[in-house]
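All of the numbers you see were taken from the coordinates with simple rules; none came from a lab. Note that the structure is predicted; figures quoted are calculated from it, not measured. Cβ: placed from backbone, ideal geometry, glycine included. Neighbour counts: every protein chain shown.
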Amino acid sequence: VTVTANVRDAAQTAAVQAEVTKMMQGMGIEKQGFRWKLGGSDQDQKDAAAFLSKAALAAVFLIFIVLLAQFNKFTSVGLVLSAVVMSTIGVLLGLLIMGQPFGVVMTGIGVIALAGVVVNNNIVLIDTYNHYTREEGVDQVKAMLITASQRVRPVLLTATVTALGVIPMAINLEFDFIRREVVWGGLAGSWFTHLSAALVSGL
């Protein structure tokens, strides 16, 4: 037996699926020899999650190869990639604070895009540090201080401007330039809420 239904525009699909799952488990039909599963968007999300997990692993692997070829040092590569882990933790904390569910597709894309941004920022810092220690023979502590004085400001400015630029999407605020109006909570903007929230909180 197949039962189909649509979700209201204002409702979140993940929340509705959780309620349906809880209701079906409470009915205890599995004890009577029946099996059930969610299809439709739930199956699409599972397929998308499997694809995005492979894409994320492939992206991290390619980043690792490029960084290793550039720095020729595992510790430098590890320091750069550690920022990806910390930014992902920031994404999860941000979603908890904002009370948003983890959207498999858009949040996953946001995490992958975020990895590129934070890796770029860390490349600037690590490359400058390596330049002073390897090529100019500067002491490690002094090299860190010089790197911080020269590179932290542009890195922080880049991250801050990027975060501020996507905050309107994160709070679902749309600017309709054709109709000359500001829309709060529009349907079109809701598609990018999870992606932009991941970028903001991760940065």
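Label zone of Lys46 (point 7 Å out along Cα→Cβ, amide N under 12 Å): in the stretch 79-113 this covers no residue at all. Toward the positive end of the charge dipole of the stretch 1-150, with +1 on the Cβ of Lys and Arg and -1 on the Cβ of Asp and Glu, the farthest Cα among Ser53, Ala143, Asn72 is that of Ser53.
Within the chain, what is the longest stretch that has no chymotrypsin sites (Phe, Trp or Tyr not before Pro) placed in a DSSP loop and near at most 16 other beta-carbon atoms within 10 Å? In the chain, the maximal stretch lacking such sites is 103-176.
Summarising the label geometry, the points placed 7 Å from Cα in the beta-carbon direction at Arg153 and Gln25 lie 5.4 nm from one another.
Assuming R0 = 22 Å, can you tell me the calculated FRET efficiency for the pair Phe61 and Val85, based on Cβ-Cβ distance, to the nearest 0.05?
0.90
In the set (i) 37, 18, 14; (ii) 27, 18, 17; (iii) 42, 23, 13, which value of semi-axes √(5λ) of the Cα gyration tensor in Å was calculated from the structure you see? The listed entry that was calculated here is (iii). Long hydrophobic helices in the chain: the complete DSSP H runs spanning 27 Å or more by Cα along their own axis with mean Kyte-Doolittle hydropathy of at least -0.5 are 41-71, 74-98, 104-130, 140-170. The ellipsoid that matches the Cα gyration tensor of the stretch 12-115 has semi-axes, each √(5λ) in whole angstrom, of 38, 16, 11, with the longest given first.
The dipole here belongs to the chain: it is taken about the Cα centre, uses +1 on the Cβ of Lys and Arg and -1 on the Cβ of Asp and Glu, and is about 260 debye. Checking every one of the GluC sites (Glu not before Pro) in the stretch 129-203 against DSSP loop status and a limit of 12 other Cβ atoms within 10 Å picks out Glu136.
With a Förster radius of 35 Å applied to the C-beta separation of Lys73 and Leu164, the computed FRET efficiency comes to 0.55.
Each Lys and Arg Cβ is given +1 and each Asp and Glu Cβ -1; about its Cα centre, the stretch 102-184 then shows a dipole of about 100 debye. Counting lysine pairs in the chain that sit 8 or more residues apart in sequence, or on different chains, and whose Cα atoms lie under 23 Å apart gives 6. Expressed as a whole percent, the proportion of Cα-Cα pairs in the stretch 117-203 lying more than 19 Å apart is 54%. For the stretch 16-78, trypsin sites (Lys or Arg not before Pro) are listed when DSSP marks them as loop and at most 10 other Cβ atoms sit within 10 Å of their Cβ; the list is Arg35, Lys37.
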